[in-house]
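Shown next, in structure tokens, is the structure this report addresses.
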Amino acid sequence: MTLLSSHPLDIDHQWRARAAAVIPHGMYGHQSARALPAGYPQFLPRGEGGRIWDVDGNEYVDLVSSLAAVTMGHGDPEIAEAVGRQAALGVTLSLAHPLEAEVA
């Protein structure tokens, strides 16, 4: 689905409407899109280092540091390459993976 607009958050608002129609509370997990202010972006298609971009093209410093990005930033080439190697071998294999013990 491609959405085009000229308002700074119009594309985000269109995605919000779509998500509200197909995802409980319009967001994954325990969160609710209803709690987000109208001017707060909900959809972020990319990140690089400590920066993120919303679907409307606005750039932000990622002060939330979503999950692993808290330590490595977004889009680190070494991590992306390692994830690609592992994805080719399988991701959810039903039992424990040796990497769990190695990382722990």
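Dipole magnitude of the stretch 12-64 about its Cα centre, charges +1 at Lys/Arg Cβ and -1 at Asp/Glu Cβ only, in debye to the nearest 20?
On the way: 5 positive and 6 negative charges, 52 e Å.
Result for the stretch 12-64 is approximately 240 debye, rounded to the nearest 20.
Rolling a 1.4 Å probe across all protein chains gives His97 an accessible area of roughly 60 Å².
The H on the amide N of Glu48, modeled in the peptide plane, is under 5 Å from the matching H of His74, each at least 5 residues off or on a different chain.
The gain in end-to-end length when the Glu48 to Thr71 segment is fully stretched comes to 7.0 nm, 0.36 nm per residue minus the alpha carbon separation. A Förster radius of 22 Å, combined with the Cβ-Cβ distance separating Ala96 from Tyr40, puts the computed FRET efficiency at roughly 0.05.
Applied to the stretch 36-52, the Karplus parametrisation 6.51 cos²θ - 1.76 cosθ + 1.60 on θ = phi - 60° returns per-residue 3J(HN,Hα) values of 7, x, 4, x, 9, x, 9, 10, 10, x, 7, x, 8, x, x, 10, 9 Hz, with x for Gly and Pro.
Where only DSSP H runs of four or more residues are counted, the chain gives -10000 deg cm²/dmol as its mean residue ellipticity at 222 nm, each run worth -39500 (n - 2.57). Derived scalar couplings between HN and Hα for the stretch 94-104 equal 6, 10, 5, 9, x, 4, 4, 5, 5, 5, 5 Hz in order, rounded to whole Hz, by the Karplus curve 6.51 cos²θ - 1.76 cosθ + 1.60 (θ = phi - 60°), x for Gly and Pro.
So with the 1.4 Å probe, I'd like the accessible area per residue for the chain, rounded to whole Å².
Numbers: 7960 Å² over 104 residues.
Ligands and nucleic acids excluded, the figure is 77 Å² per residue.
With +1 on each Lys and Arg Cβ and -1 on each Asp and Glu Cβ, and nothing else charged, work out how big the dipole of the chain is about its Cα centre, in Debye to the nearest 20. Write down the numbers at each step before the final one.
Details: 6 positive and 12 negative charges, 90 e Å.
For this selection, approximately 440 debye.
The values are calculated or read from the model by the stated rules, or taken from the named source; none is laboratory data. Not measured: the values here are computed from a predicted model. Virtual Cβ from ideal backbone geometry, glycine too; neighbours counted across all protein chains shown. Side chains included, ligands, DNA and RNA excluded: accessible areas come from the protein's heavy atoms. Shrake-Rupley method; radii C 1.70, N 1.55, O 1.52, S 1.80 Å.
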